[in-house]
1. Please find, among Thr78, Thr121, the residue that is among the polar types (S, T, N, Q), open to solvent by less than 60 Å² (accessible area, probe 1.4 Å), under 22 Å from Gly10 (Cα atoms) and under 12 Å from the mean Cα position of the chain (by Cα).
2. When the residues of the stretch 81-91 are narrowed to those that are farther than 18 Å from Val4 by Cα and out of contact with any Ser or Thr (no Cβ under 6 Å at 6 or more places or on another chain), which ends up surrounded by the most Cβ atoms within 10 Å (Cβ to Cβ)?
3. Which of the residues that make up the stretch 34-46 are assigned to a strand (DSSP E or B) and surrounded by fewer than 19 Cβ atoms within 10 Å (Cβ to Cβ)?
4. Give me a count of the residues in the stretch 92-113 that are open to solvent by 70 Å² or more (accessible area, probe 1.4 Å) and either in contact with a helix residue (DSSP H, G or I) (Cβ under 9 Å, 6 or more places away or on another chain) or among the aromatic types (Phe, Trp, Tyr) (or both).
5. Failed condition for Ala61, given (1) of a type in the set (A, V, I, L, M, F, W, C); (2) surrounded by 15 or more Cβ atoms within 10 Å (Cβ to Cβ); (3) modelled with pLDDT under 95, with all others met?
6. Filter the stretch 65-75 down to residues that are open to solvent by less than 60 Å² (accessible area, probe 1.4 Å) and modelled with pLDDT of 95 or more, then give me how many there are.
7. Is it fair to say Phe24 is outside any loop (DSSP other than H, G, I, E, B), at pLDDT below 90 and either open to solvent by less than 60 Å² (accessible area, probe 1.4 Å) or in contact with a helix residue (DSSP H, G or I) (Cβ under 6 Å, 6 or more places away or on another chain) (or both)?
Amino acid sequence: QLQVVESGGGLVQAGDSLRLSCSFSARTISTYGLGWFRQAPGQAREFVGVISWNGAYTEYAEYVKGRFTVSKDNTKNTVYLQINSLKIEDTAVYYCAATTHNYPPTDAHEYGTWGQGTQVTVSL
């Protein structure tokens, strides 16, 4: 089974940029779709973006489109979430997740592997 570990979160100011990393380790020969989700206190976990195993396909939530970019480097076993022009409402715990579905879904329930999350806090 694939394992993922997030890193790169922290306290930043509105308007700044931040890059989150998700290190993955595959124990079997397979292909995986990778996704980023976030959850603010008292809120449900919401979709941010996904990327196919070969990196050819990406999809983003409407509320982050244009500011967030998902990319990956299979050589380094890492998927990234580049966040630009950070807003106060971006404050949340960000999670990396993996699915065995060939087409990466946007529904969190379709992902079976999750990291522990990394906190992103945006201040004025």
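The values are calculated or read from the model by the stated rules, or taken from the named source; none is laboratory data. Bear in mind the structure is a predicted one, so any value in this text is a computation, not a measurement. FYI the Cβ positions are ideal-geometry reconstructions off the backbone, even for glycines, and counts take in every protein chain you see. When the accessible area is computed, the model is the full protein with side chains, heavy atoms only, and any ligands, DNA or RNA have been set aside. Shrake-Rupley method; radii C 1.70, N 1.55, O 1.52, S 1.80 Å.
1. Only one candidate qualifies: Thr78.
2. Applying the filter and picking the extreme gives Ile83.
3. Selection gives Gln39, Glu46.
4. Count: 2.
5. Among (1) of a type in the set (A, V, I, L, M, F, W, C); (2) surrounded by 15 or more Cβ atoms within 10 Å (Cβ to Cβ); (3) modelled with pLDDT under 95, Ala61 violates only (3).
6. 4
7. Answer is yes for this residue.
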